[in-house]
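Novice: Handing you a structure now.
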Amino acid sequence: METRDAVAGALVGSDGEEQRKKKAAAPKKDTPQTKSKMEQIFGFKKEDLTSWQSLVALLNRPTDPASLGIFRCLFGLVMAIDVTQERGLSHLDYKYLDGAPVCRFPLFNFLQPLPMDWMYLVYVVMFLGCLGIMLGCFYRLSCLMFISTYWYIFFLDKTAWNNHSYLYGLIGFQLTLMDSNRYWSIDGLRRPSIRNAHVPLWNYTLLRTQIFIVYFIAGVKKLDADWVEGYSMSYLAHHWLFDPFKVILPVELVSLLVVHGGGLILDLTAGYLLFFDATRPYGIFFVTYFHCMNSQLFSIGMFSYTMLTTSPLFCYPDWPRRFFSHFPGFLRAVLPITSLDPQPSPSCVYQEIQSTSAERQETPPVSKASKFRFKHKLAAIFTIIYIIEQFFLPYSHFITQGYNNWTNGLYGYSWDMMVHSRSHQHVKITYKDGKTGEIGYLNPGVFTQSRRWKDHGDMLKQYATCLSQFLPRYNISDPEIYFDIWVSINERFQQRIFDPRVDIVKADWSPFKPNPWLMPLLVDLSPWRAKFQEIEGTLDNQTEIVFIADFPGLHLENFVSEDLGNTSIHVLQGKVNVEIVDEKKNYSLQPGEQIKVPAGAYHKVYTVSEDPSCYMYIYVNTTEAALLENFTKLFELQERIRNGTETEPLPPELQPLLAADDLEGSEVNATDPIVRLFLKRQRRMKEVKKRREAGVLERLERFAVKKYYTIRRGFLMTAIAMRNLAVGLPPLEQLTREVAFANMKEPQAEANQDERLKDEVGHGEL
């Protein structure tokens, strides 16, 4: 992927006439007139691929370091911010819970977090590595500091794995091997011999191919039937970002055509659009729009901004020189170099042009590569092997079969981004004392802060093993642990993912063998999803529905809360027996039949047919319905009070409605619990509305203040930890004051206020 200098000016700007003449006269480059069609399109000639020597020369071809240097600086910057955000520096003490009984999920069981103060030191090393990468200061050492600590933290917790975190580690590894400190770096100031020196073409080839793989493989993964049919991310169509599309399309078509169809097409074509000169401006526009939307749709940290920094890598490597040449002259001292040509570098292979000026006009010049060094050949071998490995890894799940569940492999290195959405309806953990036979139940998620163990067999095995080690502290000997986990993937039936009859503590698990206690995904029932939408369309807003599928020989034990009235079971397929536990009665149901189950009591649903059964619960949350009805009456009364049409005197418990508009910022004082809840709800809805209608400056200020206090806490807690390592722990009272100071929030801010507002008003913007 060599640069195509012939049309470089059309993308970012144009050089001066003198500089163009100088480049045209350079003996190491052919003139644009001598370039073949293939070379103009792809940046290299067919002859460059005909032999090993020519391929080595191509991959080590001298290339302008400017674009790579700018990317290095931007990547270091976003990673430094990421350390305090998604890597967790700002909440490190909550993340690792030093000394507490916690179940962890490392890739290798021997990996354990260091003591808390030492973990802060690990993050300090990673942060300094990011700064060193950004500044190009002691570059190799900085890269090693970053990737060693980053991969340690990455392997320490599988529950935090995702595709973009994996990508950060890959890019950090690549930069460690590259010469990206040759441009706009402190190392260049310290060592003039490397300042503004050429970099080999493979530096760009690796990064460009890596980004191409991210886009293209993500698109290939989206060819999955669930994505194409619009079931993977259907909820996204309700987000306010898609309101412009909903002006001309119904929300169902917005989901199918815009969310799913647009995402599929963009991922499949983005890499190609960015590569070719004619389509690159369109590619940059679409991927920029795409990543800006993603930054608002998902909580994905710095991923969107990292991907934005990769787009200029596909432009001509000298674009920073032309871009910064338009800045005023007095800024040139701090800006990247704009006028000097790159100096030769031993990392590159230079072509020796063997022709005269007269010959050049009649026949193409004959070029011969300078003598190869071992590192040139090694760089070419590494580039080829790395690219092959990156194309292979997303499809390597036939090797690591133990990590396969309903989806292949651990979520992280397959680029199957957003292809699968899950919802969990029911999770039950049962323990059995191995000596006494006593049976009990555990709160799902006890001893852990993560929820991802529910979907991955390897994590479930680790969790069960951890629980078996903690439970003896509570007089439970040789415990057996059973999990009954019900999951719906991409809007299918809720069904079991693991066999509830298997003791996971003693169950076999190997990373290279299929998981024997994984229940199969009932894909044959997928066509029912269209029927689900029809059924849900016939229900009112107060009626809820849950679709269940179960395997022959198993049963579902369920408790109906007293809040849920009119709960009934409707059989869709197969045969079931319903046992009402308190009544000690059994009822057999065929497809099309239904039964009402009592509230406040247990019942069991047995699948007795030879094939899986399918049924649905239909219920009304009577408590919530009554509460909403009261809210409606109070709102109507409040409106009558405001417009002066209410003539009846208000009873004392409704008097707070008179002063509702004056309660902003003050505590709600109402004796009636429903009135108090109504007023709190009204105030929170008003806060949400105020936030949504805020201007750009106010939003930026709120964002900046929030990030300031988040980053502030991270650095203050880090300073406390460094002091503890240096001079020891202070008195407990002093440590308490220091932590309280670090925990200080922004004025008038409450803990988790945004989350509470979202829950109160239907998940925020959705």
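Novice: Lysines near K454 by alpha-carbon distance under 27 Å, same-chain residues fewer than 8 away left out - which ones?
Specialist: Within the straight-line cut-off, K454 pairs with K95, K158, K221, K222, K428, K432, K506, K513, K604, K758.
Novice: Roughly how many percent of the accessible protein surface of the chain is carbon and sulfur, given a 1.4 Å probe and a whole-percent answer? Mind dumping the intermediate values first?
Specialist: Details: 22830 of 38400 Å².
Roughly 59 percent, rounded to a whole number.
Novice: While we're looking at this one, here's another question. With the Cα gyration tensor of region 398-532 giving a ≥ b ≥ c as the square roots of its eigenvalues, does the rule (a/c under 1.5 for rounded; else a/b larger than b/c for prolate; else oblate) give rounded, prolate or oblate?
Specialist: Numbers: a/c = 2.11, a/b = 1.62, b/c = 1.30.
Note, shape of region 398-532 comes out prolate.
Novice: Please list 498-508, 579-589, 201-211 highest first by mean number of surrounding beta-carbon atoms within 10 Å per residue.
Specialist: Highest to lowest by the protection proxy: 201-211, 498-508, 579-589.
Novice: With unit charges on the beta carbon (Lys/Arg positive, Asp/Glu negative), name the residue among C315, T622, M119 whose Cα is farthest towards the positive pole of the charge dipole of the chain.
Specialist: Of C315, T622, M119, it is C315.
Novice: With charges only on Cβ, +1 for K and R and -1 for D and E, what is the dipole size of the chain about its Cα centre, in debye, rounded to 20?
Specialist: That gives the chain a dipole magnitude of about 3580 debye.
Novice: In addition: Kindly provide the helix-only [θ] at 222 nm of the chain, computed as the sum of -39,500 (n - 2.57) over DSSP H runs of four or more divided by all residues, to the nearest 500 deg cm²/dmol?
Specialist: That calculation yields -13500 deg cm²/dmol at 222 nm.
Novice: A further question follows. Which ³J(HN,Hα) values, rounded to whole Hz and listed in residue order, are derived for region 533-542 from phi using the Karplus coefficients 6.51, -1.76 and 1.60 in 6.51 cos²θ - 1.76 cosθ + 1.60 with θ = phi - 60°, glycine and proline given as x?
Specialist: 4, 5, 5, 5, x, 8, 8, 7, 5, 9
Novice: Whole number please: convex hull volume per residue, Cα atoms of region 368-440, in Å³.
Specialist: Spread over its residues, the Cα hull of region 368-440 gives 176 Å³ apiece.
Novice: What net charge do the residues around M302 carry, taking every other residue with its C-beta under 14 Å from that of M302, with Lys and Arg at +1 and Asp and Glu at -1?
Specialist: 0
Novice: Work out how much length L658 to R699 would gain on full extension: take 0.36 nm times their residue separation and subtract the Cα-Cα distance, in nm to one decimal.
Specialist: Values: separation 41, 0.36 × 41 = 14.76 nm, distance 3.18 nm.
Full extension from L658 to R699 adds 11.6 nm.
Novice: Contact order normalised by length for the chain, with contacts defined as Cα pairs under 8 Å and 6 or more residues apart; what percent is it?
Specialist: Relative contact order here is 12 percent.
Novice: What number comes out for accessible area per residue over the chain if the probe is 1.4 Å? Units Å², please.
Specialist: Values: 38400 Å² over 766 residues.
That works out to 50 Å² for each residue.
Novice: Let me ask something additional. With a/c under 1.5 counting as rounded, go ahead and sort region 678-730 into rounded, prolate or oblate using the C-alpha gyration tensor (a ≥ b ≥ c being the square roots of the eigenvalues; past the cut-off, prolate if a/b is larger than b/c, else oblate).
Specialist: oblate
Novice: Please sort by residue number the GluC sites (Glu not before Pro) in region 467-572 whose DSSP state is loop and whose Cβ has at most 15 other Cβ atoms within 10 Å.
Specialist: Numbers: sites: E480, E491, E534, E536, E544, E557, E562; in loops: E491, E562.
Passing both the DSSP loop test and the Cβ count: E562.
Novice: Mind checking Rg over Rh on the chain, alpha carbons, Kirkwood formula for Rh?
Specialist: Here Rg/Rh amounts to 1.02.
Novice: Turning to a different aspect of this structure: Return, for the Cα atoms of region 537-630, the radius of gyration and Dmax in Å, separated by a comma.
Specialist: 13.8, 48
The values are calculated or read from the model by the stated rules, or taken from the named source; none is laboratory data. No experiment lies behind these values; they were computed from the predicted model shown. For neighbour counting, all protein chains shown are included, and Cβ atoms are generated from backbone atoms with ideal geometry for every residue, glycine included. In case anyone asks, the SASA skips ligands and DNA or RNA and just uses the protein heavy atoms, side chains included. Shrake-Rupley method; radii C 1.70, N 1.55, O 1.52, S 1.80 Å.
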